[in-house]
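First up is the structure itself, then whatever we jot down about it.
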Amino acid sequence: MTETIRFDDRPGEECGVVGIFAPSEDVASMAYFALFALQHRGQEAAGIAVCDGETARIRKDTGLVSQVFTPENLRSLRGRYAIGHTRYSTTGSSVLRNAQPFLIETRYGPLAISHNGNLVNTYALRRGLLQKGVGLLSSSDSEVITLMLAGAEGASWEERIRTTMPKWRGAYSLVILTREGVFAVRDPWGFRPLSVGRLKSGGHAAASESCALRTIGCEAIREVKPGEVIRLSNTALSVLQALPPVEPSALCTFEHIYFSRPDSIWDGRSVHHIRQRLGVELAREAPVEADVVIPVPDSSIPAAIGYARESGIPYNDGFIKNRYIGRTFIEPTDSLRKQGVALKFNVLEENLRDRRVVVIDDSIVRGNTSGPLLRLLREAGACEVHLRITCPPIVSPCHMGVDFGTCEELIAHHRTVEEICRHVGADTLHFLSLPSMMRAIGRATGYCNACYTGAYPLDVEPEQAKTGFENSIC
Ligand code: SF4
């Protein structure tokens, strides 16, 4: 039996989705390269489904995008349009069953769906389907979405999507493949990102992040607005405001803090630029006398640059990350497992010896990585270690698609900042305050901050609130 080894304290359960409408192009290869650009959003399974207007074909498996697809199997995915998915999940045995896209045959022809996010009323929707005699293969809310659409009434897929959307509560950024073409759909709260762009070669594409659209040569990129259904086409996009946007919106702050690639635009703002501003705010809010500022790579690099600029303390590398270790199914030996973090990071002693070091990190979730990381710095000779975090303490689980675990697993849920500081072995520790974080993001409202405040933007089913994310699969 295999199990997933987690080497770090980063949240999982994000996914990346892509949709392509380009009848004169090799859509499977385009989807492949877009998924490649979204690999950071999920590294445990990948899939692509294509349709030629009649028949749909699919290839999906566990592993990285580069492991799942070969030139041969991509060649067999011929079609006029395509959707793809890259996912993160929690257990080895269920990974393949829950890999996406979900593809089923319906009375209206093939239907395939890739989903990023998590519904908060999955239990009620599942009960409704089971009572109608519909069988379910998995615990996934994405399967529920697929089966509900398959059973929906309406003269077109656009109509069926529009009439089903009000029943879904929570986070859903979807790309949907049908005989009629590809649709991009975003929930009315706007939790997860989704953008569309025009392909220079003709046609349109949709993807979780704008970086993937740029990778495949898109221009005129814009975000799918909350509540919109957009049908991709060869000419102008067909845009339907299927549901009124919820006011205020509830965009996920954590996309800026950690998930999105720095070269993506999210909510009209450069993720890289916002991360630099998070560092500036940290330097203003929690200054400290020190000799060097270092990031925990990669997501904290822009914030460390911002902190260094604002504080006047020189920026340098302290950790070198093995970028290829990712998630692995190979179990390390016990002694290697104990080294944990060292498998992923080495330190540059010459930049740390006898120095007072400010370490910038994006978040502390379970608190099992910071301690070993800071120990590496001490072993390399750092004489002081000051830890600065670019968001507030995470005190509540996320029910909208990010796996922070349960309350019990969240270190800040049951420990004070002073206790966490002692636990990780820092000389000082500071979490950026909510107002300063929002100042860096550039908006006071319109974002979900439930993991920092416990105030959810929508009611969560009691079953889901009780179990956190354990029973839901992205
Ligand atoms: S709870 Fe946190 S991680 Fe989840 S959607 Fe809200 S901001 Fe994002």
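Every read-out reported here was derived from the displayed coordinates using simple, explicitly stated rules and does not represent laboratory data. Here the structure is a predicted model, which means the values were calculated and not measured. Cβ coordinates were reconstructed from backbone atoms using ideal geometry, including for glycine residues, and neighbour counts include every protein chain displayed.
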For the stretch 128-282, what number results from the quotient of the Cα radius of gyration and 2.2 N^0.38 Å? 1.13
Based on other C-beta atoms within 10 Å, arrange 208, 201, 142 from fewest to most. 201, 142, 208
Across the stretch 59-66, in residue order, what do the Karplus-derived ³J(HN,Hα) couplings come to in whole Hz, using 6.51 cos²θ - 1.76 cosθ + 1.60 with θ = phi - 60° and x for Gly and Pro? 9, 8, 6, 7, x, 6, 3, 5
As I understand it, the value is the acute angle between the Cα axis of helix 122-131 and the longest principal axis of the Cα atoms of the chain; what does it come to in degrees, rounded to 10? 30
Using mean Cβ contacts within 10 Å as the protection proxy, how do 393-399, 131-137 order, highest first? 393-399, 131-137
Would you compute, from DSSP H runs of 4+ residues alone, the mean residue ellipticity of the chain at 222 nm, taking -39500 (n - 2.57) per run and dividing by the full residue count, rounded to the nearest 500? -7500 deg cm²/dmol
Under the √(5λ) rule applied to the eigenvalues of the Cα gyration tensor, what semi-axes describe the equivalent ellipsoid of the stretch 341-407? Give them in Å, descending. 28, 13, 9
Near-label residues of the stretch 365-390 by backbone N, under 19 Å of a point 7 Å along Cα→Cβ of residue 285: 365-367, 386-390
Could you list the square roots of 5 times each eigenvalue of the Cα gyration tensor of the stretch 272-442, that is, the equivalent ellipsoid semi-axes, sorted largest first and rounded to whole Å? 23, 22, 15
Report, in cubic angstrom per residue, the convex hull volume of the C-alpha atoms of the chain. 138
In whole angstrom, and with the biggest value first, how far do the Cα coordinates of the stretch 31-144 range along each principal axis? 44, 34, 21
Using the alpha-carbon atoms, what tilt in degrees (0 to 90, nearest 10) does helix 141-150 show relative to the longest principal axis of the chain? 20
Most exposed first by the Cβ proxy, i.e. fewest other Cβ within 10 Å, how do 29, 299 rank? 29, 299
Just want the ordering: 209, 461, 54, from fewest to most Cβ atoms lying within 10 Å of their own Cβ. 54, 461, 209
Would you mind classifying the stretch 15-250 by shape? Square roots of the alpha carbon gyration tensor eigenvalues, ordered a ≥ b ≥ c; an a/c under 1.5 is rounded, otherwise it is prolate if a/b is larger than b/c and oblate if not. rounded
Shape call, the stretch 394-462: gyration tensor on alpha carbons, a/c limit 1.5: oblate
Cα-based helix-to-principal-axis angle, 301-311 vs the chain, degrees rounded to 10: 40
Looking at the chain only, what percent of DSSP beta bridges run antiparallel? Nearest 5 please. 80
In the stretch 272-442, with Lys and Arg counted as +1 and Asp and Glu as -1 at Cβ, which of these residues, 276, 293, 420, has the Cα nearest the positive end of the dipole, that is, farthest along it? 276
